[in-house]
1. What full-extension length gain, to one decimal in nm, is calculated for Asp74 and His20 as 0.36 nm per residue of separation minus the Cα-Cα distance?
2. Test of understanding: ordering Phe129, Phe9, Phe107 by Cβ neighbours within 10 Å, fewest first, what list do you get?
3. What's the extension gain from Arg128 to Ala64 if we count 0.36 nm per residue and subtract their Cα-Cα distance?
4. Report the dimensions of the chain along its three principal axes from the alpha-carbon atoms, largest first, rounded to Å.
5. Would you calculate the separation in nanometres between label points at Ala117 and Gln105, each defined as 7 Å from the Cα along the Cα-to-beta-carbon direction?
6. So what's the gap between the Cα centers of segment 14-53 and segment 54-105, to the nearest angstrom?
7. Quick check: net charge around Asp58, other residues with Cβ under 12 Å of its Cβ, Lys/Arg +1 and Asp/Glu -1?
Amino acid sequence: MMSAMRLVFMRHDTAYISVHRPAPGLARLVAAAAIGDDLSLKLVVVVDDDVDVHNDNDVLWAMATRMQADQDIDILRNGMGAILDPSNRDGLTAKMIIDATQPSQDFPPRHTLDLAAVARARNLIEGRFGRTA
């Protein structure tokens, strides 16, 4: 089983990291390494490489469909934080790791719609209800 980090997208105090076929436990290690490298990070979400880390909706989809909160979220307490974070306590802060990767190799494949079908559906909806966001 081969694993490789593909892409990291960081914004403010959050990082989304895409990995290719992560071995068990690798997502957490990759997230911990990112937190260790950037003190300002408070949230790291690791997803599979079929998720677009530049698209919040895609990352949220992965969290909703591939993660169980009681098993896939880790809280690191009393970690060194950024001094510009107003919520820190004497320089210490909590950090969260979310493993939103597929839980197993036999996980169902991602369903996608043909772009032409999406465009037709959007046109139908906009024709009936007006322009949507």
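1. Working: separation 54, 0.36 × 54 = 19.44 nm, distance 2.09 nm.
That works out to 17.4 nm of additional length.
2. Phe129, Phe107, Phe9
3. Extending this stretch completely gives an extra 20.1 nm.
4. Projected onto the principal axes, the Cα atoms of the chain cover 55, 39, 26 Å.
5. The two pseudo-label positions are separated by 2.9 nm.
6. Going from one Cα centre to the other spans 9 Å.
7. Net local charge, Asp58 excluded: -3.
Any read-out appearing in this document is the output of simple, stated calculations on the displayed coordinates, not a laboratory observation. Every value quoted in this text rests on a predicted model; they were computed, and no experiment measured them. Because the Cβ atoms are built from the backbone with ideal geometry, glycine has one as well, and the counts that use them run over all protein chains shown.
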